[in-house]
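Peer 1: Have a look at the structure that comes next, please.
The values are calculated or read from the model by the stated rules, or taken from the named source; none is laboratory data. Just so you know, these numbers come straight off a predicted model, no measurement behind them. Glycine also receives a Cβ, built like all others from the backbone with ideal geometry; neighbour counts cover every protein chain displayed. We work out accessible area using only protein heavy atoms, side chains counted, and drop any ligands, DNA or RNA first. Shrake-Rupley method; radii C 1.70, N 1.55, O 1.52, S 1.80 Å.
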Amino acid sequence: MLERSDLAENALQCLHDEDYDRPFNLQNLNAETLIFTRGRQGLSLDGDWNFCVDLLDTGLRQKWFSMLPEAPEDRIEPWDYDPYQGETVPVPSCWQMLKEKWYFFEGSAWYTRSLTVDELAGGRRRFLRIGAAQYDCKVFINGAFIGNHYGGSTPFCVEVSDALRAGENWIMLCVNNTRTLDRVPMRNTDWFNYGGVYREVSLYETPATVIRGLFARLSEGRVKVTVEVDGPSEAARVVIAELGVDESLALDLGRGEVDLDVSPELWAPDHPKLYDIRVEAGGDVVHDRVGFRTIERRGTDLYLNGQPLFLRGISVHEDDELRGKCTSEADLRQRFAHARDLGCNFLRLAHYPHHEMAAELADELGFLLWEEIPVYWAIDFANPATRRDAENQLRELIRRDRNRASVIIWSIGNENPDTDARLDFMRGLTDVAREEDPTRLISAACLVNHARLKIEDRLARHIDVIGLNEYYGWYEENFDELIEIGRNSDPDRPVVISETGADGDHTVHGPEKGLFSISYQREVYEKQIETLSRLSYIRGISPWILYDFRVERRQNVFQRGFNRKGLIGADKTTRKPAFEVLRAFYEGLKAKDDIA
Ligand code: GCB
């Protein structure tokens, strides 16, 4: 008879325990544990990882992470999965896109890989960074649980200075994409619920002092730089060579701020000027490329660098027919090239934080961005845990992208029911956004009272820009009502039409005319544009949407698992006629701007 290990002792009990997840649900990897990584050289941990889907959470119940790497013939008890051998998948990836049998899989999946490192020199530190994992990610190193993160679209870091030993180590990630009512987003969304480690994974080494945060911005006519460090250091140095800046700033409890008397050239879409900034503290060094500009609202108007602004936009999801939520630089460049062809100066990155490279490229190419967290439809607004999760996702997004001049709007929600609990929840989010970043505008897609034909949403009073999703010609019938809404609403702040559009199936399956035909889609765009041109308070539009995107809930013969409101098909190549309609409208607006 083989001798049993400790693990086997509780074998029966672990089958019956339904609280098995509790010890792992700390959410201790959050905005506070992020480190600043721009300009750092990390070690990429992308590539093949061992992989297993685990619908029943057998791995957490049986503690697969405690198993040691052993040859099968040396194991002393039966096993249900061996993390050290078997199937592999590439990281980053979405499992749905790898095998048909994983297409609708929702649950836990295990990723395992080895990592060999040297002994850390005295006092130095190591951090693992995961660009994004959908939705709950638990991290284990050499069998020990290190922590978990909630939120499928923001990065997180975990310090592994003590957990990694010199020589070979094993990293295991348990990623769970199950939709639950208390998550952000909750169960019901109009985009596909991909799963997996779908952004890059890296390991960073730092001195004992690590720069956790860097925020450089133009505020009240001055360039302000805030530095946050963790570890021993009493001062930081900020260098912006092109502006002749080389300043030291004192750190108090790990935080310091400097106010620079310089006059940078202003960043704008037609002049995307960026400056190299270098920050040092306690031997740690980071770099960023930062643009300086202002964005304001005055009354119902928007101003960029003091100039009136109209947002010629388009909405976009992070979705690819073949790669799911995985994004590449080529994909992003193609997206911006299409937006450029349309005549856009603005993109709404719906409905969750997109890859950080999107804003980096927008900075470089000169596009304005709306970034968003997935507080979408009916969130569990009364639940304090849900609120904590949403607030953390917002902080993580802001800390990741607050140096991007392209980002002008943080959007905190989309079409949520106007209840007391929601108002309270959303006011919490506006407080977080203003605390993290007082230099940008806050928006949300608000509600219309269709009986009274009026924008009517208590949240509107607490945000800077009212987002309005309206589907006249598609879900709503009578275009004249849109004018009526305009007349009845009399908004006291800028309104952006954050969505409008219609489905159009351009494939061989598409109808000749009527709903879901590309000719009907074109007519809706024509009518929308004619109507919107008559609404004086609209300060921008971002129609729905650049590309067709995958979604479970759209299953008619034309949709076939896709939302087909794209101006371009899911192949990201075929342009539908409505593309030209919007392009002509934007060309006209640009020509008017030139004359003015
Ligand atoms: C909306 C939602 C968006 C949907 C879109 C649609 O109002 O905000 O997520 O995809 O409508 O196509 O119905």
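Peer 1: Considering every residue within the stretch 512-520, establish whether at least one is away from the ligand (no atom under 15 Å from the Cβ), modelled with pLDDT of 95 or more and under 23 Å from the mean Cα position of the chain (by Cα).
Peer 2: Kept after step one, since they are away from the ligand (no atom under 15 Å from the Cβ), are these residues of the stretch 512-520: 512-514, 517-519.
If we keep only those that are modelled with pLDDT of 95 or more too, we end up with 512-514, 517-519.
Now narrow it down to the ones that are under 23 Å from the mean Cα position of the chain (by Cα): none.
The answer is no; no qualifying residue exists.
Peer 1: Looking only at the stretch 175-225, how many residues end up being touching a residue at least 60 places away in the same chain (Cβ under 8 Å) and basic (Lys, Arg)?
Peer 2: 5
Peer 1: Sticking with this one: Can you tell me how many residues in the stretch 193-232 are open to solvent by less than 10 Å² (accessible area, probe 1.4 Å) and assigned to a loop (DSSP other than H, G, I, E, B)?
Peer 2: So the count comes out to 5.
Peer 1: Here is a further query. Going by what's in this entry, would residue 493 be described as under 24 Å from residue 346 (Cβ atoms), more than 16 Å from the ligand (Cβ to nearest atom), of a type outside the set (Phe, Trp, Tyr) and not in a helix (DSSP H, G or I)?
Peer 2: Values: under 24 Å from residue 346 (Cβ atoms): yes; more than 16 Å from the ligand (Cβ to nearest atom): yes; of a type outside the set (Phe, Trp, Tyr): yes; not in a helix (DSSP H, G or I): yes.
For residue 493, the condition - under 24 Å from residue 346 (Cβ atoms), more than 16 Å from the ligand (Cβ to nearest atom), of a type outside the set (Phe, Trp, Tyr) and not in a helix (DSSP H, G or I) - is met.
Peer 1: Taking the stretch 52-87, which residues are more than 16 Å from residue 140 (Cα to Cα) and among the basic types (Lys, Arg)?
Peer 2: 75, the sole residue that qualifies.
Peer 1: Only residues that are farther than 14 Å from residue 217 by Cα and of a type in the set (Asp, Glu): list them for the stretch 392-439, please.
Peer 2: Across the stretch 392-439, the qualifying residues are 396, 415, 418, 420, 424, 431, 435.
Peer 1: Within the stretch 183-190, can one find any residue that is at pLDDT 95 or above, closer than 16 Å to residue 27 by Cβ and open to solvent by less than 10 Å² (accessible area, probe 1.4 Å)?
Peer 2: Looking for residues that are at pLDDT 95 or above, closer than 16 Å to residue 27 by Cβ and open to solvent by less than 10 Å² (accessible area, probe 1.4 Å), one finds at least one in the stretch 183-190, hence yes.
Peer 1: Oh, and also: Any residue in the stretch 256-277 that is in contact (Cβ under 8 Å) with a residue 24 or more places away in the chain, among the aliphatic types (A, V, I, L, M) and farther than 21 Å from residue 221 by Cα?
Peer 2: Checked the stretch 256-277: no residue is in contact (Cβ under 8 Å) with a residue 24 or more places away in the chain, among the aliphatic types (A, V, I, L, M) and farther than 21 Å from residue 221 by Cα.
Peer 1: So, one more: Does at least one position in the stretch 545-557 carry a residue that is under 25 Å from residue 302 (Cα atoms) and at pLDDT 95 or above? Break it down stepwise before answering.
Peer 2: Start the filter on the stretch 545-557 by keeping residues that are under 25 Å from residue 302 (Cα atoms), which leaves 545-546.
After this cut, where a residue has to be at pLDDT 95 or above as well, the list is 545-546.
Yes, the stretch 545-557 has at least one match.
Peer 1: Just checking: which of the strands (runs of 3 or more DSSP E) contained wholly in the stretch 285-355 hold 2 or more residues that are more than 15 Å from residue 365 (Cβ to Cβ), open to solvent by 10 Å² or more (accessible area, probe 1.4 Å) and of a type outside the set (Val, Ile, Thr)? Full working, then the answer.
Peer 2: Numbers: elements: 295-298, 301-304, 311-316, 346-349.
Ranges flagged: 295-298, 301-304.
Peer 1: What pairs can you find where one residue is in the stretch 564-585 and open to solvent by 50 Å² or more (accessible area, probe 1.4 Å), the other is acidic (Asp, Glu), and their Cβ atoms are less than 8 Å apart, with a gap of 6+ or different chains?
Peer 2: Sorted first by the residue in the stretch 564-585, then by its partner, the pairs are 571/321; 583/341.
Peer 1: Looking for whichever is in contact with a Lys or Arg (Cβ under 7 Å, 6 or more places away or on another chain) and surrounded by 13 or more Cβ atoms within 10 Å (Cβ to Cβ) here; the options are 37, 112, 88, 58. Which one fits? Spell out how you get there, then give the answer.
Peer 2: Working: 112 fails: in contact with a Lys or Arg (Cβ under 7 Å, 6 or more places away or on another chain); 88 fails: in contact with a Lys or Arg (Cβ under 7 Å, 6 or more places away or on another chain); 58 fails: in contact with a Lys or Arg (Cβ under 7 Å, 6 or more places away or on another chain).
Testing whether each residue is in contact with a Lys or Arg (Cβ under 7 Å, 6 or more places away or on another chain) and surrounded by 13 or more Cβ atoms within 10 Å (Cβ to Cβ) leaves just 37.
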